[in-house]
Amino acid sequence: MIEEVNRKKWMAIYAFLIMDVAQILFVSVLYVGIMIFLVLDFDITNFNPLISVSLFFAISIMQIAMLYITATQMLRQEDLIKLYPGYDEKTEWRSRYSRDEIVNWTQDLAKQSKVKINKIFLMNSPLPNAFTFNLPLFGSVVVVHSNTLEVLNEDEVKAIITHELGHIANRDSAVQIAVRMPSFFIDLIYLYIYILLGVGVASAIFLVGDFGLAGIRLVVLGGFFFLSRILATISQLFMKKASRSAELMSDYHAASVLGYQATINALIRLGQRVEAITVLVDEIRWLESLNPERAGKIAYAELMRMITHFPLDGIDEANARLVAPGVFLSTRLRHMREVYGIQLTDDQIQTAVDAAVPGLQKKRDETKPVSETTKDLQVVDWRKVDYDEDRRLSDEELVDLLKKLRENPKKMLFDSEAGANLLILDHPDFRRRVLFIAEEFGL
């Protein structure tokens, strides 16, 4: 099946490129002018391939420059700790694993994956993640989020690192960059045409005073916008499919090096952590909505600060729902103390929060009662086959989980994925990933 996934990945990439070439040819034969009745016209005689190619390469060079600027800025973030090469001994270290352990694991796994790693970073974040990219001059870069180290054990951390190394081995970064250049070029051309069509509508109204002509041009603008978005969406769907296939191939790479059990458990625990954080964020946003004078959505920085106060190894969504009011209120009160100098001790804050939480929880239950029956219809809960309750699945427990997943083809592993449009996701759902590994290793 891995060969089939690889074939589908490249077929999706080729289809994406064909769609982009078709769109480039389409916009190349368009003739745009305000003096034209419909503003748009097709004129093959005006097609100059040299101009089109020159413009394409000019925009591609600009895009590459922007890519390097973005990568440079990302590697200079305050939350990013450089682990290799070189390390600032003065940097405070809070991880359960040492810096040397992470570096040695990554380098050893890179040798097994037959790739070379130039830089290794740790990003302080309450969200579990890891990513990699490979650029000339930068080399191969691996970034692991600190929360990944809090949620996973040693073998599981190694599995996630190996997954990222799989992306490097499969040259996914280079492919993604190469195939996205035509899309950027096309989007700029489309934007230029949208603007000219809009100017054509405005000129018909304000210069000519012909509202009938303005209406016709407006219809042309709407039709062209609709058509261009359909073409762009089809292209992106092919790219999303290629991305999902790339993730499955990296999962297979991790399972081949570290074993299927560590890889599947790593995926399940990361998915469960995301599930808990999703519930926590939903509850925080509901609490924020209770304020009738709120100016808008809660700021991202404040949201991250609140998530940090949730246990960093917490993977229980029921507990996330329970502690959300306390996290929300205590974070807000401490922030007001720091900013405005309000005289509140930690004990006073805790007393005030404890008094308010029961009322908020009652109000939330009345607004959105939790239905386990509804959840059972949508999700196969992996914890129900975790018979020893160690929050990890043994071979025997994995077999029972796989049986339940196969018996319930419409159920997801996590509630946050239920009802999602899987075609627009660039990652496969966790159910698909677990079953794929299981099928590849004959479970």
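Here, each number is a calculation from the coordinates, and none is a lab measurement. Predicted model, so just to flag it, every value in this text is computed and none were measured. Neighbour counts run over all protein chains shown; Cβ positions are idealised from the backbone, glycine included.
Taking 0.36 nm per residue of separation and subtracting the current Cα-Cα distance, fully stretching the chain between ILE195 and ILE18 would add 61.1 nm. Compute the label zone of ILE234 within the stretch 1-16: residues whose backbone N is under 18 Å from the point 7 Å along Cα-to-Cβ. It comes to 11-16, nothing else.
When the chain is treated as a GNM with alpha-carbon contacts under 10 Å, the residue of ILE102, ILE349, ILE177 showing the greatest mean-square fluctuation is ILE349. Of all lysines in the structure, those lying under 22 Å Cα to Cα from LYS111, and not within fewer than 8 positions of it along the same chain, are LYS82, LYS119, LYS158. Sorting TYR84, TYR68 by the number of Cβ atoms found within 10 Å of their own Cβ, with the fewest placed first, yields TYR68, TYR84. Pick from ASN291, ASN170, ASN129: which residue has the top mean-square fluctuation in a GNM of the chain where Cα pairs under 10 Å get a spring? Looking only at ASN291, ASN170, ASN129, the biggest GNM fluctuation is shown by ASN291.
Using the Stokes-Einstein relation with a Kirkwood hydrodynamic radius computed over Cα pairs, the translational diffusion coefficient of the chain at 20 °C and a viscosity of 1.002 mPa s comes to 84 µm²/s.
In terms of other Cβ atoms within 10 Å, PHE238, PHE185 run from fewest to most in the order PHE238, PHE185.
In the stretch 378-440, taking the dipole from charged Cβ atoms about the Cα centre, the farthest positive-side position among TRP382, ASN421, ASN408 is held by ASN421.
Secondary structure note: in the chain, about 70% of the DSSP beta bridges are antiparallel. Using R0 = 56 Å, the C-beta based FRET efficiency linking GLN343 and ARG76 works out to 0.90. Fewest neighbouring Cβ atoms within 10 Å first, the residues ILE117, ILE234 line up as ILE234, ILE117. Summarising the label geometry, the points placed 7 Å from Cα in the beta-carbon direction at LEU127 and LEU422 lie 2.3 nm from one another.
The slack between PHE26 and MET1, meaning 0.36 nm per residue of separation minus the straight C-alpha distance, is 5.3 nm.
Note on the chain: GNM, Cα springs under 10 Å; of LEU122, LEU152, LEU377, the largest mean-square fluctuation is that of LEU377. For the stretch 332-339, the Karplus equation 6.51 cos²θ - 1.76 cosθ + 1.60, evaluated at θ = phi - 60°, returns couplings of 4, 5, 5, 5, 5, 5, 5, 7 Hz by residue, with Gly and Pro reported as x. The percentage of C-alpha pairs in the stretch 305-443 whose separation is greater than 24 Å is 51%.
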